[in-house]
Each structure stands twice: as C-alpha cells, then as structure tokens.
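Structure first, commentary second.
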C-alpha cells in the first residue's frame, strides 16, 4: 500500500509498464478541481467525464482487460439534489454519447449497484448498454453507480438466506459461491485499486473484492487524470510483490 500520497510522474516513452488484469479507480476530486478554479461543482463533474473517456481509452491501449470505476455511491444521495441530478444527467449523457463507439470497439459495459431507486430513463439506458455490449470481450468497463460495498454484501446475504429458506441451496457456502451473489459476479478481483485526489480511504468500494488488491493513492484530482498517470500507477504496481498473505521465499 502507498504510505504517502504523491504526484505521479509521466513514464518515459518506450518504457510502458506491464498491465495488471483488473484496475479499479475511485474517481475523486471533481468538486475540489472546480472550487480551485472558482467554477460550479457541476463543471468539475463534467471534466471528470472527459477524464473517464481518456482513462478508458488508455486502459485498453495499455493492455488492461477490466476497468471498474466508482461513479456514484449509495452515500452520494446525501449531496444537494441539484448535484445528484447533475451526476445522473452525466451518466445518461456518457452512455448515450459513447455507447455506439464503445460497442464498436469491443467494450463490454456493466453497471453495478442498486437498480432500485434509479429514474426509469436511467435504468432503461443502463439495461440497454449492458444488453447491447454483452457479447463484447476486448475490454470490460464496469461502472459502480448507486453502489456501496456494504449494501452489496448485505444484498448478497439476503439473497442467500432466501435461497436457503426456499430450499434452492444448503446453508454451507464457500467464498466462490458467496462471490457469485455479488454485483461483480463473473468479474475477476481487482489487482490494483487507485484513488485520486490525495485521500487515504477506499470509501465503501469493493470491500470484498479488493481484499488482496494493491492500493495506490495519488494527489492528482480526477479531472486532471490521464494516460501518463495511469502508466505511472502501473509502473508502481509492477515494482511491488504480491504475496497474498504468504512469506517471500528466503525472507526471515
């Protein structure tokens, strides 16, 4: 885990790092980016969508197969209604504008989180995006929207309890069987979790799935995040040794 938030420096050309299979990103700092420029918070969120487009393109080019981004949490409902409406509108605009291109480029789109409570037009649109890209395999983009990991785990436990009560399954359950009840069923666990903006929290994101992910915290505000920052994050990842609780051979 990174012990200090530090700016990420560009990787020299021709020194592209090897890519982890699955990268997850907490896209943080839109509001602070806007405030620093005396702009409304909505302007920061709009620039954040541009950063998402850059990052999706860069991730695919760098060999990452799975990218999961935290867009709207179950706790974000506490924000002012105008800001919540902006976030919903931006998700809708992103999917409407980019769906055709992403579909043509072989990107599969998944939306994880609670569907209940979403406006009907948003729910219909995300269902359409998932359906129309379900056969794509080149790159996997997962957007966590109206998502919270505690809520996800609780819903999984409730679903298991219903199945046990109905006699669909017995009460003994393995880790892999439990994971199949999560929103991320069918996705590999993240190898690297990045949080932008210098905050040292994972904010109720992928708590089960990120058990052995490498964590990287960087000072860059999300609207400024781009390919060079992703490359440097991958470079840092490749300098680490993943032990999954084991001991390095030869270590004392």
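Within region 58-78, being surrounded by fewer than 15 Cβ atoms within 10 Å (Cβ to Cβ) and either without any contact (Cβ under 8 Å) to a residue 12 or more places away in the chain or assigned to a helix (DSSP H, G or I) (or both) holds for 61, 75, 77, 78.
Scanning region 117-142 for residues that are assigned to a loop (DSSP other than H, G, I, E, B), exposed (fewer than 14 other Cβ atoms within 10 Å of the Cβ) and at negative phi returns 119, 134, 135, 137, 138.
Residue by residue, here is whether (1) surrounded by 14 or more Cβ atoms within 10 Å (Cβ to Cβ); (2) farther than 17 Å from residue 142 by Cα; (3) touching a residue at least 40 places away in the same chain (Cβ under 8 Å); (4) out of contact with any strand residue (DSSP E or B) (no Cβ under 6 Å at 6 or more places or on another chain) holds:
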{"residue": "25", "(1), (2), (3), (4)": "yes, no, yes, no"}
{"residue": "33", "(1), (2), (3), (4)": "yes, yes, yes, yes"}
{"residue": "38", "(1), (2), (3), (4)": "no, yes, no, yes"}
{"residue": "48", "(1), (2), (3), (4)": "yes, no, yes, yes"}
{"residue": "84", "(1), (2), (3), (4)": "yes, yes, no, yes"}
{"residue": "89", "(1), (2), (3), (4)": "yes, yes, no, yes"}
{"residue": "103", "(1), (2), (3), (4)": "yes, no, no, yes"}
{"residue": "109", "(1), (2), (3), (4)": "yes, no, no, no"}
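Selection over region 79-109 of residues that are over 17 Å from residue 53 (Cα atoms) and in a loop (DSSP other than H, G, I, E, B) gives a count of 2.
When restricted to residues that are over 18 Å from residue 204 (Cβ atoms) and assigned to a helix (DSSP H, G or I), region 154-167 contains 7.
Assess whether residue 151 counts as being assigned to a helix (DSSP H, G or I) and under 18 Å from residue 71 (Cα atoms). Answer is yes for this residue.
For residue 99, the stated conditions hold: it is within 24 Å of residue 137 (Cα to Cα), surrounded by 13 or more Cβ atoms within 10 Å (Cβ to Cβ) and either out of contact with any helix residue (DSSP H, G or I) (no Cβ under 9 Å at 6 or more places or on another chain) or in contact (Cβ under 8 Å) with a residue 12 or more places away in the chain (or both).
Checked against the criterion of being closer than 16 Å to residue 74 by Cβ and out of contact with any strand residue (DSSP E or B) (no Cβ under 9 Å at 6 or more places or on another chain), region 114-137 contains one or more residues that satisfy it.
Rule-based calculations on the coordinates, nothing more; no lab input. Because the structure is predicted, anything quoted here is derived from the model rather than measured. Because the Cβ atoms are built from the backbone with ideal geometry, glycine has one as well, and the counts that use them run over all protein chains shown.
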